[in-house]
Amino acid sequence: MNERNGISAPPPESRQSRIFEIPIELGRPSELLERITGWVGGSGASKRVMYVNAHVLNQSREDPALRSALEEADLVYCDGYGVRLAAKALDVEIPHRMTGADWVWDLAKLCEAQTSSVYLLGCEPGVAAQAALRLRRKHPGLRVVGSHHGYFEIGSGHDERVIEDINARRPDILLVGMGTPKQELWVQRNADRVDARVVWTVGALFDYVSGRVPRAPATLADNGLEWIFRLAIEPQRMWRRYLVGNPVFLSRVMAHARQRHSASSGS
């Protein structure tokens, strides 16, 4: 929290663009991280943080439960160039891109400084624990109070035991990386049941932090072409998302843009 002359500064004002009716934050990554970590000292219900990319927005058009989870989140940010291209096509303000493999280290630094604790939930067995080790290696003061894989069914007995473990450890921030839509639906179902101030969906973040999956070269990532690298290293898992999903997303954006143009022309 920034203070001057003993007076707390107000949090940055929230500004959003709406893409497919999902409100997406326009603040810079540093501003959003400050707002999210600022929730740690609050009270009341857990805050829900989620992201959108072309894949998530595609699925939100087909899955009402996912769309509802995104609409009801406390903060939704852009994690993909497809969202920025969509904003441009729809003539709305373009959000900044906030990718997990970058912000996680800034989050670790902020949490280390304010002694906030985190719990890592998701990915295959052992991956979250390895990610926790690498985070602590760079930030020895970071309090990672627990980790668990994400290979269990929502609502199962295993799920209940995971919630019990989280509540026993009481993390300030719970990072949930199970893939869409499972992670968003898990958060929607359990955010009010877990003893954490912030519950945050993070996709495949732990794969990158653990070193299990390499990051794309900067020349691709900085120009919206990271998907080519991901397709090359994980073709069986990613081909449908990119080779089918990307054209579907573009067609939906164009159709929505035409609808908006027709509506504005007729008004």
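Relative to the first principal axis of the alpha-carbon coordinates of the chain, what is the inclination of helix 100-113, with its axis defined by its Cα atoms, in degrees from 0 to 90 and to the nearest 10?
Helix 100-113 sits at roughly 30 degrees to that axis.
Under a straight-distance cross-link criterion of Cα-Cα below 29 Å, which lysines are reachable from K138, leaving out those fewer than 8 residues away in the same chain?
Answer for K138, where 29 Å is the Cα cut-off: K47, K109, listed by chain and number.
When the chain is fully extended, how far beyond the present Cα-Cα distance does R193 get from A232, taking 0.36 nm per residue of separation?
Numbers: separation 39, 0.36 × 39 = 14.04 nm, distance 3.94 nm.
Extending this stretch completely gives an extra 10.1 nm.
At what distance in nm do the modelled label points of E71 and E153 sit from each other, each positioned 7 Å from its Cα along Cα→Cβ?
Those two pseudo-labels are separated by 2.9 nm.
Taking only the Cα atoms of the stretch 224-267, how large is their convex hull per residue, in Å³? Write down the numbers at each step before the final one.
Working: hull volume 2.4 nm³, N = 44.
So the per-residue Cα hull volume is 54 Å³.
Return the ratio Rg/(2.2 N^0.38 Å) for the stretch 1-134, where Rg is computed over Cα atoms only. The partial results should precede the final answer.
Details: Rg = 16.2 Å, N = 134, 2.2 N^0.38 = 14.1 Å.
Normalised by 2.2 N^0.38 Å, the Cα Rg of the stretch 1-134 equals 1.15.
Could you tell me what a quarter of the Cα convex hull surface of the chain works out to, in nm² with one decimal place? Intermediate values should be presented prior to the final figure.
Details: hull surface 63.3 nm².
With the hull built on Cα positions only, its mean projection is 15.8 nm².
Enter the accessible area of M254 (Å², nearest 10), with the probe set to 1.4 Å and all protein chains included.
Here the residue's solvent-accessible area equals roughly 90 Å².
Could you tell me what percent of the DSSP beta bridges with both partners in the chain are antiparallel, to the nearest 5? Walk me through the intermediate numbers first.
Working: 6 of 28 bridges.
Around 20 percent antiparallel, to the nearest 5.
Quick one: grab the alpha carbon gyration tensor of the stretch 100-222, order the square roots of its eigenvalues as a ≥ b ≥ c, and give me rounded if a/c is under 1.5, else prolate or oblate depending on whether a/b is larger than b/c.
On the way: a/c = 1.82, a/b = 1.28, b/c = 1.42.
Because a/c hits 1.5 or more and a/b fails to exceed b/c, the stretch 100-222 counts as oblate.
So what's the stretch 147-204 giving for Rg/Rh, alpha carbon basis, Kirkwood Rh from the mean inverse pair distance? Could you put the intermediate results ahead of the total?
Details: Rg = 10.2 Å, Rh = 11.3 Å.
Here the Rg-to-Rh quotient is 0.90.
Can you grab the distance from the C-alpha centre of the stretch 14-73 to the C-alpha centre of the stretch 221-267, Å, no decimals?
So the separation of the two Cα centres works out to 19 Å.
Ranked highest first by the average count of other Cβ atoms within 10 Å around their residues, in what order do 213-223, 27-37 fall?
Working: 213-223: 13.1, 27-37: 18.2.
The most tightly packed comes first, giving 27-37, 213-223.
With the contact rule set at Cα under 8 Å and sequence spacing of 6 or more, what percent relative contact order holds for the stretch 54-111? Before the final figure, lay out each step's value.
On the way: 33 pairs, mean separation 15.0, N = 58.
After rounding, I find 26 percent.
Which value, in debye to the nearest 20, gives the size of the charge dipole of the stretch 156-205 about its Cα centre, when Lys and Arg are +1 and Asp and Glu are -1 at the Cβ?
It comes to approximately 60 debye.
Please list the non-local residues whose amide H lies under 5 Å from the amide H of G80, H modeled 1.01 Å from N, same-chain partners needing a gap of 5 or more.
Excluding prolines and chain starts, which carry no amide H, the hits are M98.
Please state the charge dipole magnitude for the stretch 82-169, taken about the Cα centre, from unit charges on C-beta atoms (+1 on K and R, -1 on D and E), reported in debye and rounded to the nearest 20. Working shown, then result.
Details: 11 positive and 11 negative charges, 107 e Å.
With Lys and Arg at +1 and Asp and Glu at -1, about 520 debye.
If you wrap a convex hull around the alpha carbons of the stretch 65-133, what volume per residue comes out, as a whole number of Å³?
On the way: hull volume 10.1 nm³, N = 69.
With only Cα atoms used, the stretch 65-133 gives 147 Å³ per residue.
Could you work out how far apart the two model spin labels at S262 and R28 are, taking each label as a point 7 Å from the Cα in the direction of the beta carbon, and quote it in nm?
Here the modelled spin labels are 4.1 nm apart.
Can you give the angle from 0 to 90° between the axis of helix 157-169 and the longest principal axis of the chain, with both taken from C-alpha atoms, to the nearest 10?
Compared with the principal axis, the helix lies near 60 degrees.
Going toward the positive end of the dipole of the chain, with +1 on Lys and Arg Cβ and -1 on Asp and Glu Cβ, which of P171, S60, W239 do you reach last?
Value: W239.
Just name one of G224, A257, G126: the one whose Cα is farthest towards the positive end of the charge dipole of the chain (beta-carbon charges, Lys/Arg +1, Asp/Glu -1).
So the residue furthest toward the plus end is G224.
Would you be so kind as to identify which of L75, V162, T180 lies farthest towards the positive end of the dipole of the chain, taking Lys and Arg as +1 and Asp and Glu as -1 on Cβ and the Cα centre as origin?
My answer, from the dipole projection, is T180.
Nearest 20 debye, what's the magnitude of the dipole of the stretch 16-80 about its Cα centre given +1 on Lys and Arg Cβ and -1 on Asp and Glu Cβ? Please report the intermediate quantities before stating the final value.
On the way: 7 positive and 10 negative charges, 16 e Å.
Magnitude of the dipole: close to 80 debye.
The values are calculated or read from the model by the stated rules, or taken from the named source; none is laboratory data. Predicted, not measured: the structure shown is a model, and the values here were computed from it. As a convention, Cβ positions derive from the backbone with ideal geometry for all residues, glycine included, and neighbour counts pool all protein chains shown. Ligands, DNA and RNA are excluded from the accessible area calculation, which covers all protein heavy atoms including side chains. Shrake-Rupley method; radii C 1.70, N 1.55, O 1.52, S 1.80 Å.
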